[in-house]
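Heads up: the structure comes next, in structure tokens.
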Ligand code: HQG
């Protein structure tokens, strides 16, 4: 069975994220097709040009990736990123009822602006929210000392905000106005 080093997983994961979330043009696609599904062959051809990635290695990354960033179609002929896109994409996700509370990990320097404007999707397709504090803390710590915001998703949903659950358990929504956000007091 193929086992890959963490470095190799990261390399393949990053290159695949770049193509499947941000740069479909790198595999000759003007835009992402419905569902964000790209032919696995097409992705492998592009990866192979740079890194000599085998189908077995890609399978391993899809299966073992720490955040389950990618999914294969049922037959494995196509692959997509489960979330995190910056290019327009219709993932075909159905609106879903979120848990009562969700979390978002950010950093101190963003707080003033989030207090005023709420959470925006910034360069991504949606605002990303987590079901647990540990995940939100990991997300925030990519940028510095994490600050955890608590989102009143129950009230948002009641007020008509639409939520989607990605295949890897991330909650997505268009924006979070600041009235639904609790900021840490300390
Ligand atoms: C902040 C990674 C100022 C927001 C992660 C965040 C996640 C504002 C940054 C996924 C703001 C956007 C998403 C406002 C939002 N003013 N700052 N009004 N509204 N922000 O990367 O949630 O490893 O687009 O707090 O783990 O950090 O790629 O979003 O700090 O799951 O799979 O603007 O990406 O997953 O940053 O991360 P991002 P995110 P992957």
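Tabulated data for the structure shown
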| quantity | calculated |
| --- | --- |
| Selection from segment 1-21 of residues that are within 16 Å of residue 83 (Cβ to Cβ) and out of contact with any strand residue (DSSP E or B) (no Cβ under 9 Å at 6 or more places or on another chain) | 14, 18 |
| Selection status of residue 97, more than 11 Å from the ligand (Cβ to nearest atom), within 24 Å of residue 71 (Cα to Cα) and touching a residue at least 12 places away in the same chain (Cβ under 8 Å) | yes |
| Number of the exception - residue 113 against (1) surrounded by 15 or more Cβ atoms within 10 Å (Cβ to Cβ); (2) at pLDDT 95 or above; (3) under 24 Å from residue 176 (Cβ atoms) | (1) |
| Candidates 89, 127, 147, filtered to the one that is closer than 23 Å to residue 41 by Cβ, buried (at least 19 other Cβ atoms within 10 Å of the Cβ) and either within 16 Å of the ligand (Cβ to nearest atom) or without any contact (Cβ under 8 Å) to a residue 40 or more places away in the chain (or both) | 89 |
| Whichever residue in segment 131-144 is near the ligand (Cβ under 9 Å from one of its atoms) and within 20 Å of residue 168 (Cα to Cα) and, among such residues, is surrounded by the fewest Cβ atoms within 10 Å (Cβ to Cβ) | 142 |
| Test for residue 71: is it outside the structural domain of residue 165 (by TED's automatic domain parsing) and either out of contact with any helix residue (DSSP H, G or I) (no Cβ under 9 Å at 6 or more places or on another chain) or under 21 Å from residue 18 (Cα atoms) (or both) | yes |
| Enumeration of residues in segment 3-46 that are more than 17 Å from the chain's Cα centre (by Cα), assigned to a loop (DSSP other than H, G, I, E, B) and closer than 26 Å to residue 93 by Cα | 28, 29, 30, 31, 33 |
| Residue 123 being modelled with pLDDT under 95 and under 18 Å from the mean Cα position of the chain (by Cα) | yes |
| Any chance residue 76 is closer than 16 Å to residue 172 by Cα, out of contact with any strand residue (DSSP E or B) (no Cβ under 9 Å at 6 or more places or on another chain) and more than 15 Å from the ligand (Cβ to nearest atom) | no |
| Test: residue in segment 144-161 that is touching a strand residue (DSSP E or B) at 6+ places or on another chain (Cβ under 8 Å) and closer than 29 Å to residue 79 by Cβ | no |
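The values are calculated or read from the model by the stated rules, or taken from the named source; none is laboratory data. Worth saying up front: this structure is predicted, and the values here are computed from it rather than measured. With ideal geometry, Cβ positions are generated from the backbone for all residues, glycine too; neighbour counts draw on all protein chains shown.
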